[in-house]
Each structure stands twice: as structure tokens, then as C-alpha cells.
Amino acid sequence: MNKIKSFLRVISIFAVGFILFQSAAAQSRVDRILINEAKRITNDTFPVFSETPKGGRIYSVNQPDSKMLKAVDDGLAELFAIARKHKYRNRLNYSDYTIFIAKADRTKDNNGQYSPDIAVAAAQYAGSVYDQGGYIYAAGMVLANNPCAFVIAEHTKGFQRVADVVRYEGEHLVLYHNDRKLFNKTADHSQGGGHPVLR
Ligand SMILES: [Zn+2]
């Protein structure tokens, strides 16, 4: 009897250990896919993982400034508030979002305004007004719809812009999970239209 009891206890300990191990492994496998996609698009590496005060997940080229993390939360907070106004319910948790902070490929736009952006392959923007010769400068870009992930550029000031970009990139993801029709209509800016989509 005692033997069976202790045998069962060993099994349950193993089971718990196994479940923990499984979910940790599964999470890092998904994250590895996201990291590879972020690398492919930006040519950066993302060795630093952190969380925003409200639980947003961040991979970044450098240890992020606390003002940067706060701005991410502000952008998501605004996004979630607008989403709730539209009666959307899916993916309205901070931890649903993985945000990559890449090196800025430029810090000023064509008008000389502070505007840290990333250069990405032009793809469907080739030949459009956005095309800079095979690439475009983007404030942010969605990496994956499910799980929700996007990339933005590192800022050292002007953090309200970070909040805005987070809110705007997040719009695509909220729409993907709550209003597929509007998502399809607004996902590709080369066809015209921009942000905010939701007001
Ligand atoms: Zn967009």
C-alpha cells in the first residue's frame, strides 16, 4: 500500500514537472519563430526579453528605457479602450502582445522630424509613393497575427509616438481577431487608407 502511494506520488511529481517543461518548451518554440521572423525583416537580433509594467511582452535589441515600456502600455491601453467601445472582446490582454523593438534605420523623416523607423523590403509597396528603392520606411510592422506580434523602432525621446505606433499596429491585430472583414479591408496600406482605423 505504501509502496503504491509513494509510486503514485512520484508519478504526479513527474507529471507536474513534465507539464511545466512542456509549456515552457512550447512557448519558447513559438517565440523562436517570432524572433526569426523579426530578424529576417529587420536584420537585427533581439537578445533582451522584458515585460511592460502591465505585462506586454518585449524582445529588444537593447535593454528598453522604462519610458519606452510605459509608452507601449499607453498605446495598448488606448487600443483596448477603443476595441471595447466597438464591443470587441478578443485579445484585449497586455500579455497577448509580443512587441519587438528594433534598431531604427533612420531617426528623421524627409521633413527632418524625429521619426525612428525601420526599413523593410518594399514587397507590395514597390512602385508606390512609399517606395524608397526596394524598401520602405515603416514606423511599425505586424510580424504575426496569431500570436499577436509586431515590430517598432527604438526611440530615445518622443515617446508619445511610440504609444501611437503601438496603438496603430495593434489595430491590425485586434481587427484580425474581432472583425475579419474590416481587417481584410485595412491590412494593406498600399491600397490606400491608414490609421487610425478605429475611432
Ligand atoms: Zn498599419
Q. Restricting attention to segment 127-140, does a residue exist that is within 16 Å of the ligand (Cβ to nearest atom), assigned to a strand (DSSP E or B), among the β-branched types (Val, Ile, Thr) and within 12 Å of the chain's Cα centre (by Cα)?
A. no
Q) If you scan segment 92-103, which residues turn out to be surrounded by fewer than 21 Cβ atoms within 10 Å (Cβ to Cβ) and either at pLDDT below 95 or not in a helix (DSSP H, G or I) (or both)? A) 92, 93, 103
Q) Between residues in segment 124-149 that are within 17 Å of residue 180 (Cα to Cα) and without any contact (Cβ under 8 Å) to a residue 60 or more places away in the chain and residues that are within 14 Å of the ligand (Cβ to nearest atom) and assigned to a strand (DSSP E or B), which pairs lie under 6 Å by C-beta distance while being six or more apart or on different chains? A) 142/150
Q | Condition broken by residue 198, with the remaining ones in (1) buried (at least 16 other Cβ atoms within 10 Å of the Cβ); (2) near the ligand (Cβ under 10 Å from one of its atoms); (3) part of a loop (DSSP other than H, G, I, E, B) satisfied | A | (2)
**Q.** Number of the exception - residue 177 against (1) in contact (Cβ under 8 Å) with a residue 60 or more places away in the chain; (2) surrounded by 17 or more Cβ atoms within 10 Å (Cβ to Cβ); (3) within 14 Å of the ligand (Cβ to nearest atom)
**A.** (3)
Q.
All but one of (1) of a type in the set (A, V, I, L, M, F, W, C); (2) more than 12 Å from the ligand (Cβ to nearest atom); (3) modelled with pLDDT of 95 or more; (4) more than 12 Å from the chain's Cα centre (by Cα) hold for residue 183; state the number of the condition that does not hold.
A. (2)
Q) Could you list, in sequence order, the residues of segment 126-149 that are in contact with a His (Cβ under 8 Å, 6 or more places away or on another chain) and crowded, with 18+ Cβ neighbours inside 10 Å? A) 148
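If the requirement is being touching a Ser or Thr at 6+ places or on another chain (Cβ under 7 Å) and under 23 Å from residue 158 (Cβ atoms), which of these qualifies: 116, 53?
116
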(Q) hydroxyl-bearing (Ser, Thr, Tyr) and surrounded by 18 or more Cβ atoms within 10 Å (Cβ to Cβ): is that true of residue 107 in this structure? (A) no
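The values are calculated or read from the model by the stated rules, or taken from the named source; none is laboratory data. Note that the coordinates shown come from a computational prediction; the quantities given were computed from them, not determined experimentally. Cβ sites come from the backbone with ideal geometry, for glycine too, and all protein chains shown count toward neighbours.
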